[in-house]
Structure formats: structure tokens, C-alpha cells
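One structure is given here, and the rest of the page talks about it.
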Amino acid sequence: MKLNKGFTLIEVMIALMILAITLIALSSGQGVALSSTRKAKLTTMATIAAKNMMADIEIMSEVKGVTYVKDLGEKAEGEFTDDEYKGWKWTREVKEVTFPLSAIMKMFTAQEKAAGESEGEQTPLGGGAEAQILDLVSTNIEKLMKDSIREITVTVSWPVKAGKAFSSMKLVYYVVDFETVQNFVPVM
Amino acid sequence: MTLIEVIIALAIFSIISVFTVSSTDIGMRIKKKVSDQSDYYQALRTILRYFDRDISLAYHAFPDTKTGQMERLQAAKTNLLLTVYTPSSYFKGTKEKLFFTSSSHQRIYKDTNETDTCKVSYYLEQDPDHPGIDNLVKRESPFIDDKIEESGAKYVIASGVQSLSFRYFSPKGVTDDGTWTDRWDSTEGEYINTFPLAVEVTIVLESLQNKDNKLKVVEKIKLLSPNNLDSTAITTATSTATSTAQPASTSIGGGSNAAAQ
């Protein structure tokens, strides 16, 4: 009987293939580690850049008054000039803040008003008075928020894949004009 | 087994060995690089966290000009009722060093005679064990005294800091849009009794493993409450104090930055 000694070519090929797959998996793991570190680095840099932009706005608000924020304009964009941020871009958006419950409250008060008018004295104050109070409160909160709060969104984006695509991170700040809050005259 | 078979087996073995060794080597190098960079950025985040907290909480107390506190204090000093002159707050910075009072102190032990206020300083110092490497050092003491540049516990915040520089933002100058300056002294001169609105910190870190690997970061930190009097009040307070009292015994006071005690 002839003994089958050694490995066949197929066995060797399969073994090599398994080894190759293992090595590729290992090296891709290293690549992921490298790219994660790079991403962490870029995110740290982007956070610092966005914080610096916000610090500039805060500083100028202190110097020129909080109206500086209101006068910034709705949208602005540009590129960073420092060497460390070559090819990086930023956008800044300033928005008024609306009272999130305003629409719901308005809808509710409209229904209450209609109910008050059609059914007479069904509410404790009568004739849709509660609806009017709610409407007044809602209008005043909405006006106060609109006049005194601004939402500032700073987006910093940096090139990836040799400038063909951009990654980005966003920082959102809220600035409150306490002077407007203190001097607020409610709508009656 | 023929010679040809042995040679082929050896060739396959050597190819596999080369693959394994080189991939392990690459893996080790990548691990070192990743860990080096992680350390590097961790050091940066630590530094910025310290700066952020201490600088944004810089504490400025000024004498109450309305109640005549400053005059009383100056009179007490003149009459030697106050033997030890203790400033309550100061902010003194150059391009390389920063000394200031802050309300960032954290009490660790229960019932310690300490408050939130402390004196803090930041500067670079050569590592005693590794010549050529600079450490970023923080000094902190919960006891604010006239030894601005001394005393307090010393901590090494980070190693391998190639350079550290500061700039200070004054609301005055450049047609009053404000200006950045390399020097600030709230104890005398142009900025007496005032704290800057913001501080810009520039740090260049170098990797301890590879000195060519450098990272430069600039961060602007706004003081949460500079608590400065308006300029007319400061001028009035300063002139009143200096005209009614002898100069302070140390360089800190200059008369008008006396403690609000």
C-alpha cells in the first residue's frame, strides 16, 4: 500500500489563502486604528477652531454689546487662513429662536376661543377668556425669545480623500441678551 | 522527500515567515504611532481643560469705591494697622508666563480653611530628569498673598511642550474694537485694576518619541466675568487712593488694587 506523504498543492494553496486572509484582516485592523486616531485628531482640531470662532463672537459681544450678534447676518462662510487649518472651511448661521410650543398653543387657544363663543360660559373665566390669556402668554414668550435669544451654529469642515470630500462637525451656541430681557415690555 | 521538494518547502516557509515578521513589525510600528498620537492629543486636551477652567474663572475683586472701602484700606495701611499687605486679586501675564487669581480652586479635604479662590500660575520649566525637554507647570495655592511668582503646590501638566505663549485681549485700542497685547498687569500701569476680556494660549507640543512630530494649537478663552469697573470709575478710584495714601509696600498694589477685606 502506498502511503500518501506530504501535502498536495491544493492543501498548500488553501493554507496560504487562509494565511493571506488573516494577514489582510490584521493589517486592515491596523488601518482602522490609524484612521480612528486621525479622525480623533481632526475632530479635536475642529472643536478648538469652532470654539475659537465662538470665543471671537463672545469677545466682540462684550466689546460692542450683544447687538453685535444680531448684526452678524444670517449666514456667513469662509476658509481658515492658519497653516494648521489649510483647506478647512467654516460656516456660521445665526437664527432667531422660536417658542417651540407656540404653534400648538395657538391651535389650542383657537379651539378654546371657538368653544367659548359657541357654547357660552363653559370655562371658569367664561367666553374664551382662558384662551385669550394663553394666547397672550404665548405671544409674549414668543416675542421675548425672538428678541433676546439667538442660536449660533458654527460648522467646521475639513478635507478628506485628497480634498474630494469633506467631514464636518457642528457647534451650536445660544446667546441671550439680558438687557432685552430686563427691558422687555409685554404685549397686552 | 526529494531535494526539489525540500527547496520548495523552504521557499514557502521563508515567504510565510517574511510575511508574518513584516506584518508583525508594521503592526507594532502602527501601534506605537497610534499610542504616541493618542498620548499627544490626550496631553493637549488635558492642558486645554486646565487652561479653560482656570482662565475662564479668573477672579477679580476690586475695592468698593462707593463705600470708601479703598480709602479706609489705604488709611489703615498708612497707620500701620495692616502689617501684611494682601492683595485680593491680580492678573499678571507676559508672553511666556501667566500669574493670576482664580475662583477655580477645588477643596479636597472637608473643613479645610480654603475657599474657591486661589492664585494660579502657568509657565514652562526644564524637565530636571530630561535635559532638552520642557514641562508645562502649574502652580496653585489657595492662599492669595503678595508673592505672585512664588509659593503653592507645583504640578507638571504635560511634558514635551516646545513653546507656550499668551496674548491678552483689551477692549481698548484699534479704534476701540479691542486689541490683543503681549503683556498684562492689573497691579500697575495701563491695565491697572482691570482683567483682560480674554486670553489666547498658543501651545506647540512635540512628541516625546519623534521630535519632528509637532502640533500647534491656539485657543482663545474668554473670562466669564472680568468684573472690571468702567474706566472713569477706575481713574477716579486710583487718583483718590493715591492722593490720600502712601504707596503700597509691594509692587502689587500700586495703591488701588488693594484688598477688598
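The values are calculated or read from the model by the stated rules, or taken from the named source; none is laboratory data. Only a predicted model underlies this, so the values are computations on that prediction, with no experimental measurement involved. Glycine gets a Cβ as well: all are built from the backbone with ideal geometry, and neighbour counts include every protein chain shown.
So the values come out like this:
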read-out: The stretch A:37-69 - residue that is more than 7 Å from chain B (Cβ to nearest Cβ) and among the polar types (S, T, N, Q) and, of those, nearest to residue B:171 (Cα to Cα); value: A:61
read-out: Test for residue B:55: is it more than 9 Å from chain A (Cβ to nearest Cβ), surrounded by 13 or more Cβ atoms within 10 Å (Cβ to Cβ) and either touching a Pro at 6+ places or on another chain (Cβ under 9 Å) or of a type in the set (A, V, I, L, M, F, W, C) (or both); value: yes
read-out: Test for residue A:63: is it in contact (Cβ under 8 Å) with a residue 24 or more places away in the chain and β-branched (Val, Ile, Thr); value: no
read-out: Among (1) in contact with a Lys or Arg (Cβ under 8 Å, 6 or more places away or on another chain); (2) in a helix (DSSP H, G or I); (3) free of Cβ contacts under 8 Å to residues at least 24 places away in the same chain; (4) not hydroxyl-bearing (Ser, Thr, Tyr), the one test that residue A:69 misses; value: (3)
read-out: The stretch B:3-21 - residue that is polar (S, T, N, Q) and exposed (fewer than 12 other Cβ atoms within 10 Å of the Cβ) and, of those, nearest to residue A:19 (Cα to Cα); value: B:17
read-out: Selection status of residue A:16, hydrophobic (A, V, I, L, M, F, W, C), facing chain B (nearest Cβ under 9 Å) and out of contact with any Pro (no Cβ under 7 Å at 6 or more places or on another chain); value: yes
read-out: Identity of the residue in the stretch A:21-36, at the interface with chain B (Cβ under 8 Å from one of its Cβ atoms) and closer than 17 Å to residue B:17 by Cα, that ends up surrounded by the most Cβ atoms within 10 Å (Cβ to Cβ); value: A:23
read-out: Positions within the stretch B:182-219 being in contact (Cβ under 8 Å) with a residue 40 or more places away in the chain, part of a strand (DSSP E or B) and within 11 Å of chain A (Cβ to nearest Cβ), in sequence order; value: B:199, B:201, B:203, B:204, B:214, B:215, B:217, B:219
read-out: Count - residues of the stretch A:167-183 that are surrounded by 14 or more Cβ atoms within 10 Å (Cβ to Cβ) and at pLDDT below 85; value: 2
